[in-house]
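To start, the structure itself, in structure tokens.
The values are calculated or read from the model by the stated rules, or taken from the named source; none is laboratory data. None of these values were measured; they are calculated from a predicted model. Counting neighbours? That spans all protein chains shown, and the Cβs are built from the backbone with ideal geometry, glycine included. Side chains are part of the model used for accessible areas, which takes the heavy atoms of the whole protein and leaves out ligands, DNA and RNA. Shrake-Rupley method; radii C 1.70, N 1.55, O 1.52, S 1.80 Å.
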Amino acid sequence: MIDKVYCADLRPDMEGKRVKLAGWVYRKREVGKRVFIVLRDSSGIVQIVFAKDRSEEAYKAAKKLGIESSVIIEGTVKADPRAPTGVEVQADVIEIIQNVDFFPITKDASEEFLLDVRHLHLHSPKVASIMKVKATLMQAAREWLLQDGWYEVFPPILVTGAVEGGATLFKLKYFDKTAYLSQSAQLYLEAAIFGLEKVWSLTPSFRAEKSRTRRHLTEFWHLELEAAWMDLWDIMKVEEELVSYMVQRTLELRRSDIETFRKDLTTLKNAVPPFPRISYDEAIDILQSKGVQIEWGEDMGADEERILTQEFEAPFFVYGYPKHIKAFYMKEDPEDPRKVLAADMLAPEGYGEIIGGSQREDDYDKLVERIREEGMKPEDYEWYLDLRKYGSVPHSGFGLGLERLVAWVLKLDHVRWATLFPRTPSRLYP
Ligand SMILES: NC(=O)C[C@H]([NH3+])C(=O)NS(=O)(=O)OC[C@H]1O[C@@H](n2cnc3c(N)ncnc32)[C@H](O)[C@@H]1O
Ligand SMILES: [Mg+2]
């Protein structure tokens, strides 16, 4: 490994220090007998100056450089308030690792082109910032989960049945059998609670969603928790504590990256417990009062959720959905058989659902009845039904879409920008 320093480590008080840097040419301009390079590495940027009268060899080499050429540079640090980061390096040695004559991504590149060359778009400091924020959100989640006593488990991705409806299953041939790509690890987490009680997993989930919206991917990263002995109200408290810690910790560690995307941090700072809670009934009343054509019993889509989020300046819960618009595994509300003990967490500023969660049906006969009601076959869920035969317990859980959380935190206009290589109905390459 090269004995180098990072761009972001250079400070004006290091004036006179000799340093070695490695990175890529982000910007380049020539003024008189000097070449100015903005060097980029994973930490950020710094200005490098090649003066002819300091090293003619390095100056001539720098003149040849193209954008995104890979280089190793040595020079002396100089404080300069005119430089982008208040400091520059006066270079006298350059090793060109690979010169790039023409980098395909230019300033006027379209979004579709950027997605076509996503493998090159990952050079971008803005894309790097998104990935740093995503990584830090998960770092924070792991910190919170560890201190709160949750066990990470590693569920299968090759499965035999639907969790969230058969219409969005990706089917594949599994030797002489049929398998599907997991829509959610939930059912396997429910099995894991009988030994570990509080479990979590981060897995890719797959949905053959044909909906081309700004919040749907066909492959997304799914942070899911499941806990024995918890009811809906308990798991909602877990959700708000976890999301709050993730957001506040990421604000603490990645504020400059976040401010690259949004100046107003109000809603992020407001993400502290208790999050507001409204019932589905109240949500329908609010929407109808705002002129939305929606009747009790109908599902709220992205448009309805966007309007609803205008009422809040923080993430909030909607709980108590009608049974027929929710999944088979959700426990019927003992106080109102039309409803289930389910709650979604919606992000403000138009982003809508980031978490889907519920208390699970823990009664064997009722679960068989729900499976049949949904047109599914109990025999396809024999192992899952067993969980209600041998020491069944009240339990609840939820799934957080990581890309949707990132999209809200950074106010991205589509979840596809929140993942390294987005997968949508029209995009499988690169
Ligand atoms: N363990 C659980 O209880 C999770 C449960 N079985 C589940 O999958 N619920 S969910 O379908 O609402 O999806 C959960 C979240 O997963 C995200 N999600 C769900 N579908 C998508 C798509 N297609 N693209 C991106 N993100 C998606 C979104 O934030 C949802 O709120
Ligand atoms: Mg949902």
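Is the shape of region 170-252 best called rounded, prolate or oblate, per the rule: a/c under 1.5 gives rounded, else a/b larger than b/c gives prolate, else oblate, with a ≥ b ≥ c the square roots of the Cα gyration tensor eigenvalues? Don't skip to the end; give the middle numbers.
Working: a/c = 2.59, a/b = 1.34, b/c = 1.93.
Oblate is the answer for region 170-252, as a/c is 1.5 or above yet b/c matches or exceeds a/b.
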Under Karplus coefficients 6.51, -1.76 and 1.60, residue-wise ³J(HN,Hα) of region 413-430 in Hz, glycine/proline x: 8, 7, 5, 4, 6, 9, 9, 4, 10, x, 10, 9, x, 9, 9, 10, 10, x
Region 7-98: proportion of alpha-carbon pairs further apart than 17 angstrom, %: 39 percent
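State which entries of K17/K78; K326/K377; K28/K60; K171/K323 exceed 20 angstrom in Cα-Cα distance in the structure shown.
Details: K17/K78 8 Å; K326/K377 17 Å; K28/K60 14 Å; K171/K323 27 Å.
Pairs exceeding 20 Å: K171/K323.
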Region 67-157: trypsin sites (Lys or Arg not before Pro) in DSSP coil with no more than 16 other Cβ atoms inside 10 Å: R82, K107
Degrees, to the nearest 10: 364-373 long Cα axis against longest axis of the chain: 80 degrees
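Where the only charges are on Cβ atoms (+1 Lys, Arg; -1 Asp, Glu), what is the dipole of the chain about its Cα centre, to the nearest 20 debye?
Working: 60 positive and 71 negative charges, 516 e Å.
My answer is approximately 2480 debye.
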For region 282-288, 3J(HN,Hα) per residue [Karplus equation, 6.51 cos²θ - 1.76 cosθ + 1.60, θ = phi - 60°, Hz, x = Gly/Pro]: 5, 4, 4, 4, 4, 5, 5
Within region 42-71: backbone nitrogen closer than 19 Å to the R27 label point (7 Å, Cα to C-beta): 42-51, 62-71
Neighbour cut-off at most 11 other Cβ (10 Å), DSSP loop, trypsin sites (Lys or Arg not before Pro), region 351-430: K389
Accessible solvent surface per residue of region 118-418, calculated while the other protein chains remain in place, 1.4 angstrom probe, Å²: 43 Å²
In Hz, Karplus ³J(HN,Hα) per residue of region 375-391 (6.51, -1.76, 1.60; θ = phi - 60°; x = Gly, Pro): x, 9, 9, x, 5, 6, 10, 4, 5, 5, 5, 3, 4, 9, 10, 10, x
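Run through region 72-148 and list the chymotrypsin sites (Phe, Trp or Tyr not before Pro) located in a DSSP loop whose Cβ has at most 15 other Cβ atoms within 10 Å. Walk me through the numbers before you get to the answer.
Numbers: sites: F102, F113, W144; in loops: F102.
Of the chymotrypsin sites (Phe, Trp or Tyr not before Pro), the ones in loops of region 72-148 whose Cβ has at most 15 other Cβ atoms within 10 Å are F102.
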Cα-based radius of gyration of the chain once divided by 2.2 N^0.38 Å, which approximates compact folds: 1.18
Accessible area of the chain belonging to carbon and sulfur atoms, whole % at 1.4 Å probe: 52 percent
Cα-derived Rg over Rh, computed across region 66-131 with Rh taken as Kirkwood radius: 1.06
Kirkwood Rh and Cα Rg combined as Rg over Rh, evaluated for region 384-430: 1.29
